[in-house]
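The structure appears right after this line, and notes come after that.
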Amino acid sequence: MLQTAYWHKARIKFWRRFMANLAGLNIINTRPANRAQPLTDALMQKGALVTDIPLVENIPLALSAEHRQYLLNLDLYDLVFVVSPTAAKLGLALLSDYWPQWPIAVQWLAIGEATAEVLHQYGLQAIVPTQETSEGLLQLPCLQQLQQGQKMLVLRGQGGRNLVRDNLQQQGVKVDYLDLYQRQVPINSQQLWQQQKNSPDLVVITSGEILQSWQQLVGEHFSKIPMVVISKRLVAMAKALGVMQVITASSTRPEDIVHAIQQWHKGQTHDISE
């Protein structure tokens, strides 16, 4: 009896360790090629089999005369909101040509820690929302306290979300967009998908555009492949499109995505109880 109980507990510990380590789980990482590696490494360290199929790439845009004026007028803005690491790298490289010293009175905001790290490399300290989304940003006191006539500059990619601008305009805040890049689907994404020998167990989706590109890429398989996303908005979008299993990570940070997958994986395949 005691020996049986011992082996039962040992079996439970083994399977919990096995599932938490993601051993053999086939995962598709759709993050942009220049941002995919940290997540891929984190998943592989847990034993997952990871395939990178980037579904978006960023192409720098030429500046218009109006956008150059935004750069020159940096000191006239109360806040600058940077929406991605790519926007930070492109925007700050341009701004540093005009501003050898940053204006003291400008407050910088970053959508997440990765974006804030780029700003830090340029000597700028940024406020980062706890929830690394536009919704999270709008909860920051410094935005809620903005008054009519104040100004914000947004460094972003062409065609991004307008949630922050629309909300601030209701407060009477003037918001200017500096579009620094455009997004497109990499030309080799179809080839990478066709090279898949086994059906994936899970796909990681971190934006609405990537979700739409994934749907177009996989066709009839779209609804059947479990998906991990990084916001309630993406959960709603995925479910509206018919995805059967949607897992929510608390942010785009690799450790948060890995944790969400581990929690999901524990509930799959093996129903183990004490």
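The values are calculated or read from the model by the stated rules, or taken from the named source; none is laboratory data. Treat the numbers as computed from the prediction; the structure is a model and nothing was measured. Using ideal geometry, Cβ is built from the backbone for each residue, glycine included, and neighbour counts are taken over all protein chains shown.
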Condition check for Ile205: crowded, with 16+ Cβ neighbours inside 10 Å and under 18 Å from Leu22 (Cβ atoms): yes
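With the condition kept exactly as written, say whether any residue in segment 122-130 is modelled with pLDDT under 90 and at negative phi. So that I can check it myself, show each step before the final result.
Restricting attention to segment 122-130, the residues satisfying the condition of being modelled with pLDDT under 90 are 130.
Pick out the ones that are also at negative phi and you get 130.
Yes, there is a match, as at least one residue in segment 122-130 is modelled with pLDDT under 90 and at negative phi.
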Where Gly24 falls short, out of the listed (1) modelled with pLDDT of 95 or more; (2) touching an Asp or Glu at 6+ places or on another chain (Cβ under 9 Å): (1)
So Glu57, is it buried (at least 20 other Cβ atoms within 10 Å of the Cβ), within 27 Å of Val185 (Cα to Cα), of a type in the set (Asp, Glu) and in contact (Cβ under 8 Å) with a residue 12 or more places away in the chain: no
Extreme residue, farthest from the chain's Cα centre (by Cα), among residues of segment 74-125 that are more than 23 Å from Ala36 (Cα to Cα) and of a type in the set (Gly, Ala, Ser): Ala105
Residues located in segment 215-236, provided they are within 15 Å of the chain's Cα centre (by Cα) and either in a helix (DSSP H, G or I) or outside the structural domain of Leu22 (by TED's automatic domain parsing) (or both): Lys232, Arg233, Leu234, Val235
Residues of segment 28-48 satisfying the condition of being more than 12 Å from Leu192 (Cβ to Cβ), in contact with a helix residue (DSSP H, G or I) (Cβ under 9 Å, 6 or more places away or on another chain) and outside any loop (DSSP other than H, G, I, E, B): Pro38, Leu39, Thr40, Asp41, Ala42, Leu43, Gln45
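For (1) more than 25 Å from Leu71 (Cβ to Cβ); (2) outside the structural domain of Tyr70 (by TED's automatic domain parsing); (3) modelled with pLDDT of 90 or more, each residue gets a yes or a no:
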{"residue": "Glu117", "(1), (2), (3)": "no, no, yes"}
{"residue": "Glu132", "(1), (2), (3)": "yes, no, no"}
{"residue": "Gly136", "(1), (2), (3)": "yes, no, no"}
{"residue": "Leu143", "(1), (2), (3)": "no, no, yes"}
{"residue": "Leu155", "(1), (2), (3)": "no, no, yes"}
{"residue": "Asn162", "(1), (2), (3)": "no, no, no"}
Considering residues of segment 179-200 that are surrounded by 15 or more Cβ atoms within 10 Å (Cβ to Cβ), within 20 Å of the chain's Cα centre (by Cα) and not small (Gly, Ala, Ser) only, the residue nearest to Leu95 (Cα to Cα): Leu180
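Give the number of residues within segment 148-186 that are of a type in the set (D, E, K, R) and in a strand (DSSP E or B).
The qualifying residues number 6.
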Residue list for segment 107-138, restricted to those being among the hydrophobic types (A, V, I, L, M, F, W, C) and surrounded by fewer than 17 Cβ atoms within 10 Å (Cβ to Cβ): Ile127, Leu138
